[in-house]
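Visitor: Below: one structure in structure tokens.
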Amino acid sequence: MEKLAIDGGVPVRTSPVPGSMHGVAEIAEPEVEAVLNVLRKKRVFRWFGDGQASEADALEAQYRELTGRKYALAVSSGSAALHCALVGVDCGPGDEVIVPAYTFIATAAAVVAAGAVPIIAEVDNSLTLDPEDVERKITPRTKAIIPVSMRGTPPRMEELLAIARRHGLAVVEDVAQANGACYRGRPLGSLGEAGCFSFQHYKIITSGEGGMLVTDDEATFQRARMQHDGAMGFWGEPPAGIPPILGTNYRLSELAAALVLGQYPRLAGLLESFRAIKQRILSQILDLPGIELQEVPDPAGEAGISLIFFCKDGERAKAFSRALSAEGIGNGTIYDNTIPDRHIYRHWSFFMRDDTDPRRLPWKHPRYTGDVRYFPEMCPRSLDYLGRSVAVGIHQRLTEQDADDIARGIRKVALALG
Ligand SMILES: *Cc1c(COP(=O)(O)O)cnc(C)c1O
């Protein structure tokens, strides 16, 4: 057995391993040209009535093509896409929406923004929604489920779609972290009633801020459209049979749309790199003692931006993470009580505090007949998995040598810790 670097041994790696941002790290001439072109045209608002093509229109066409859906709506953020999608599937006060215990707080916040009540369900060893817990949490008030592809992992869509069908629920996919990924050959975002993407700085391709909603259902699209632009329902004829909605402003800027359009041709190549690098590392760490790999519901379709394994307990995960860092391999634990990570429900203080303004709590609304309770330990299995996780980020610039060093580091630490 090799002596660990943390105990004074020779580290696997002394030069840094590439990491950090994906799309944003690739910004180059095509993106610069695309944005400058908008400035040269002096056309920075999509509805400007000069008959010229809009960047937002072109981006929507791209996402209709990517997902094969009839409708796409460019919006100002992933959060806006989720809010519009929930309004789109007709969620509102009195309704419950099931969200995973592990997702960015924006998923739950969008439910509250729509006036509905988030119901927090467990994640399983895929770190995505646990279908069994979803089924347990369905009530007569449940209107929708939001499966989230955390860190590029597709959720267990087959099971979730079957449950939704059985109970007559809408499925709104949160694909913010898995742009371009698939589930069993179908693009994420194309499986539920609506799919929501984010182009925020940390996502796979980016415009700093931005989002996209896709759907096949006309009424969903029309309601989402009205929500995303306060004036929309009042320009010309409102769509037949759909009561007007007084929306806000979630329009996407032409500059942002042009920037994502500039990034878009890189998307397929980025995913190809992530997947190849991840598979190369995985193939070298399949037989190790003391670690269990995250289960990925569709390994061929996942985005591949993250490699996660579970240790036997939280202490061991922290020790593993420290030892791996000492080997020169960047990594992190996921849940550690001391950092208020907003990706874990326990840190969504809005729900847990008693001094939150009760006027803003959808579960105090007169139309709400349920009795939801939120408390820090409400999803113990999620906290257990998250607490035992060690995650290594996968970057498109990792070489085969980098991948082999990462695998060697993981092997070395696993064999030493036993
Ligand atoms: C980033 C993110 C969002 C929100 O997207 P924004 O564009 O930042 O509003 C929603 N859900 C998940 C899982 C995310 O990672």
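Visitor: Looking only at region 96-112, which residues are away from the ligand (no atom under 11 Å from the Cβ) and either surrounded by fewer than 24 Cβ atoms within 10 Å (Cβ to Cβ) or part of a helix (DSSP H, G or I) (or both)?
Guide: Val111, Val112
Visitor: Condition first: within 11 Å of the ligand (Cβ to nearest atom) and over 27 Å from Lys312 (Cα atoms). Can you find one or more residues in region 130-140 that meet it?
Guide: Looking for residues that are within 11 Å of the ligand (Cβ to nearest atom) and over 27 Å from Lys312 (Cα atoms), one finds none in region 130-140, hence no.
Visitor: Please verify whether region 36-55 includes one or more residues that are within 24 Å of Ser190 (Cβ to Cβ) and not in a loop (DSSP other than H, G, I, E, B).
Guide: Yes, there is a match, as at least one residue in region 36-55 is within 24 Å of Ser190 (Cβ to Cβ) and not in a loop (DSSP other than H, G, I, E, B).
Visitor: Oh, and also: Of a type outside the set (Lys, Arg), modelled with pLDDT of 90 or more and either assigned to a loop (DSSP other than H, G, I, E, B) or more than 24 Å from Ala303 (Cβ to Cβ) (or both): does that describe Val24? Reasoning before the result, please.
Guide: Details: of a type outside the set (Lys, Arg): yes; modelled with pLDDT of 90 or more: yes; either assigned to a loop (DSSP other than H, G, I, E, B) or more than 24 Å from Ala303 (Cβ to Cβ) (or both): no.
For Val24, the condition - of a type outside the set (Lys, Arg), modelled with pLDDT of 90 or more and either assigned to a loop (DSSP other than H, G, I, E, B) or more than 24 Å from Ala303 (Cβ to Cβ) (or both) - is not met.
Visitor: May I pose another question? Which count do you get for residues in region 171-202 that are part of a strand (DSSP E or B) and surrounded by fewer than 24 Cβ atoms within 10 Å (Cβ to Cβ)?
Guide: Here the count works out to 5.
Visitor: Please specify each residue of region 149-187 satisfying the condition of being acidic (Asp, Glu), touching a helix residue (DSSP H, G or I) at 6+ places or on another chain (Cβ under 6 Å) and away from the ligand (no atom under 16 Å from the Cβ).
Guide: Glu159
Visitor: Does Glu31 satisfy the criteria of being more than 21 Å from Met226 (Cα to Cα), surrounded by 15 or more Cβ atoms within 10 Å (Cβ to Cβ) and over 19 Å from the mean Cα position of the chain (by Cα)? Even if it seems obvious, please write down each step before you answer.
Guide: On the way: more than 21 Å from Met226 (Cα to Cα): yes; surrounded by 15 or more Cβ atoms within 10 Å (Cβ to Cβ): yes; over 19 Å from the mean Cα position of the chain (by Cα): yes.
Considered against the rule, which asks whether it is more than 21 Å from Met226 (Cα to Cα), surrounded by 15 or more Cβ atoms within 10 Å (Cβ to Cβ) and over 19 Å from the mean Cα position of the chain (by Cα), Glu31 comes out as yes.
Visitor: Then there is this: Within region 377-394, take every residue that is over 30 Å from Pro18 (Cβ atoms) and charged (D, E, K, R) and give me the one that is farthest from the chain's Cα centre (by Cα).
Guide: Kept after step one, since they are over 30 Å from Pro18 (Cβ atoms), are these residues of region 377-394: 377-384.
Pick out the ones that are also charged (D, E, K, R) and you get 377, 381, 384.
Working: Glu377: 23, Arg381: 20, Asp384: 21 Å.
Among those residues, the one meeting the criterion is Glu377.
Visitor: Next question, about the same structure. In region 316-342, what count of residues is obtained for those that are within 10 Å of Arg388 (Cα to Cα) and among the β-branched types (Val, Ile, Thr)?
Guide: Residues in region 316-342 being within 10 Å of Arg388 (Cα to Cα) and among the β-branched types (Val, Ile, Thr): 2 in total.
Visitor: Return a yes/no flag: does region 308-321 have any residue that is within 16 Å of the ligand (Cβ to nearest atom) and out of contact with any His (no Cβ under 7 Å at 6 or more places or on another chain).
Guide: Scanning region 308-321 turns up at least one residue that is within 16 Å of the ligand (Cβ to nearest atom) and out of contact with any His (no Cβ under 7 Å at 6 or more places or on another chain).
Visitor: Still on this model: Here are the criteria: (1) closer than 22 Å to Gly247 by Cα; (2) more than 16 Å from the ligand (Cβ to nearest atom); (3) not in a loop (DSSP other than H, G, I, E, B). Tell me which single one Gly92 does not satisfy.
Guide: Answer for Gly92: the failing condition is (3).
Matching residues to (1) farther than 23 Å from Lys412 by Cβ; (2) under 25 Å from the mean Cα position of the chain (by Cα); (3) at pLDDT 95 or above:
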| site | (1), (2), (3) |
| --- | --- |
| Glu302 | yes, yes, yes |
| Leu324 | no, no, yes |
| Asn337 | yes, yes, no |
| Ile344 | yes, yes, yes |
| Tyr368 | yes, no, yes |
| Phe375 | yes, yes, yes |
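Visitor: I would also like to ask the following. Just checking, how many residues over region 203-234 are among the hydroxyl-bearing types (Ser, Thr, Tyr) and either in contact with a strand residue (DSSP E or B) (Cβ under 6 Å, 6 or more places away or on another chain) or assigned to a helix (DSSP H, G or I) (or both)? Outline the logic, then answer.
Guide: To start, the set of residues in region 203-234 that are among the hydroxyl-bearing types (Ser, Thr, Tyr) comprises 206-207, 215, 220.
Subset that is either in contact with a strand residue (DSSP E or B) (Cβ under 6 Å, 6 or more places away or on another chain) or assigned to a helix (DSSP H, G or I) (or both): 215, 220.
Residues in region 203-234 being among the hydroxyl-bearing types (Ser, Thr, Tyr) and either in contact with a strand residue (DSSP E or B) (Cβ under 6 Å, 6 or more places away or on another chain) or assigned to a helix (DSSP H, G or I) (or both): 2 in total.
Visitor: Which of the residues that make up region 203-221 are surrounded by fewer than 22 Cβ atoms within 10 Å (Cβ to Cβ) and more than 10 Å from the ligand (Cβ to nearest atom)?
Guide: Residues satisfying the conditions are Asp216, Asp217, Glu218, Ala219.
Visitor: Turning to a different aspect of this structure: Mind checking which pairs have a first residue in region 148-174 that is more than 18 Å from Arg69 (Cβ to Cβ) and a second that is within 16 Å of the ligand (Cβ to nearest atom) and part of a helix (DSSP H, G or I), Cβ under 7 Å, 6 or more apart or different chains?
Guide: These pairs meet every condition: Val148/Thr107.
Visitor: Here is a follow-up. Could you list, ordered by first residue, the pairs with Cβ atoms under 6 Å in which the first is in region 45-58 and at pLDDT below 95 and among the basic types (Lys, Arg) and the second is assigned to a loop (DSSP other than H, G, I, E, B) and surrounded by 11 or more Cβ atoms within 10 Å (Cβ to Cβ), at least 6 apart or interchain?
Guide: Arg46/Ser54
The values are calculated or read from the model by the stated rules, or taken from the named source; none is laboratory data. Keep in mind that this is a model prediction, so the values were computed, not measured. Note that each Cβ is placed from the backbone with ideal geometry, even for glycine, and that neighbours are counted across all protein chains shown.
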